[in-house]
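Q: A single structure is presented below for examination.
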Amino acid sequence: FIGAQRFGYRDDAHLQGRALLLGQYDEFLDQLLGNPSPNEPMRNHEARRLYEQRDYARALETWSTVHRFERQVLGPLSRGATAKDAINGMDKPHRTLMISAFQSAIFNHVLNERLKAGTIATLLEGDVAARHDTGGAFLVHDIETEQKRVDAMEISPSGPMWGRNMQQAEGEVGRQELEALLATGVAPEDLSSGDYIAEGALRSLRMPISDPRIHAGADEHGPYVEVGFELPRGCFATV
């Protein structure tokens, strides 16, 4: 699974990414700057209430400098910028991260469904398999032959990071992955037709663990067992 940090401290970065892809800029701003959460500091509550009152200058003053991206958007808003222009004032990598969060939420859903079905290590008709050595992918035609490579941890079924130019699964697998996208209110054409584009990719449903090791000992806190292993590239921020 792609981890919680991808979705931000309010667990809503994927909703912001969705709004960007659909060109719903006012909704994006409301998600980023409004809707106070009970889990936030009171200072944040006040800043969000000021935004909802359209007092952008005071909201900007209230936000702590720690909240860099909120301030990057409020600055232009306080000077009369449009929603779209204000959003463009935000660091591009952060906007890209929000779109990635949207893709990640769908991937996590697909992975969860495969886990519940017990098929993350079983090739299905229409699967696109991911190679662990090269990172390449291919549509599976001979399940019986390729399943042996899955069992040997050479390849694994993949899941979608939905975007343009992504190789799509076929058959029932492809239908279910498309349904996961459509359930968000986003269609494939929305991923590449607006001002913000989602670049597509495939991601393995499994990651190989190498060099496993275990060590027991004791220190000033008492006895312990230490477990170690190595992970390949692409495992950062995963669970």
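The values are calculated or read from the model by the stated rules, or taken from the named source; none is laboratory data. Because the structure is predicted, anything quoted here is derived from the model rather than measured. A quick note on method: Cβ atoms are made from the backbone with ideal geometry, for glycine too, and the neighbour counts reach across all protein chains shown. Side chains are part of the model used for accessible areas, which takes the heavy atoms of the whole protein and leaves out ligands, DNA and RNA. Shrake-Rupley method; radii C 1.70, N 1.55, O 1.52, S 1.80 Å.
Q: Of Ala117, Asn88, Ala101, which is farthest along the charge dipole of segment 73-132 in the positive direction, counting Lys and Arg as +1 and Asp and Glu as -1 at C-beta?
A: Asn88
Q: First measure r as the distance between the Cβ atoms of Arg49 and Tyr9, then evaluate 1/(1 + (r/R0)^6) with R0 = 22 Å and state the FRET efficiency to the nearest 0.05.
A: Efficiency at R0 = 22 Å is approximately 0.75.
Q: Something else: Note down the magnitude of the dipole of the chain about its Cα centre, charges +1 on Lys and Arg C-beta and -1 on Asp and Glu C-beta and zero elsewhere, to the nearest 20 debye.
A: Dipole magnitude for the chain comes out near 740 debye.
Q: Quick one: accessible surface of His109, probe radius 1.4 Å, all protein chains present, in square angstrom to the nearest 10.
A: Here the residue's solvent-accessible area equals roughly 90 Å².
Q: Can I ask one more? Just the number, please: carbon plus sulfur as a percent of the accessible area of segment 1-152, 1.4 Å probe, no ligands or DNA/RNA counted.
A: In segment 1-152, the share of accessible area belonging to carbon and sulfur is 50 percent.
Q: Which residue fluctuates most in the GNM of the chain (Cα springs below 10 Å): Arg79, Arg49, Arg164?
A: Arg79
Q: Can you pull the accessible area of Ser100 for me, 1.4 Å probe, Å² to the nearest 10?
A: Result for Ser100: roughly 20 Å² accessible.
Q: Next up: May I ask you to derive the FRET efficiency for Asn35 and Glu179 from their Cβ-Cβ distance with R0 = 25 Å, giving the value to the nearest 0.05?
A: 0.35
Q: Same structure, new question: Enter the accessible area per residue of the chain (Å², integer; probe 1.4 Å; all protein chains in place).
A: With the other protein chains kept in place, the chain gives 54 Å² per residue.
Q: Would you mind getting me the FRET efficiency between Glu170 and Ser193? Use the beta-carbon distance for r and R0 = 30 Å, nearest 0.05.
A: The computed FRET efficiency comes out at 0.80.
Q: Mind pulling up the Rg/Rh value for the chain? Radius of gyration and Kirkwood radius, both on Cα.
A: Using only Cα positions, Rg/Rh for the chain is 1.07.
Q: For Lys92, list the lysines whose Cα falls under 19 Å from its own Cα; do not include residues on the same chain fewer than 8 positions away.
A: Lys84
Q: Using only DSSP helix segments of four residues or longer, with each worth -39500 (n - 2.57), what per-residue ellipticity at 222 nm results for the chain after dividing by its residue count and rounding to 500?
A: -13000 deg cm²/dmol
Q: Same structure again: Expressed in nm², what is the orientationally averaged projection area of the convex hull enclosing the Cα positions of segment 1-130?
A: Projected area, direction-averaged: 9.5 nm².
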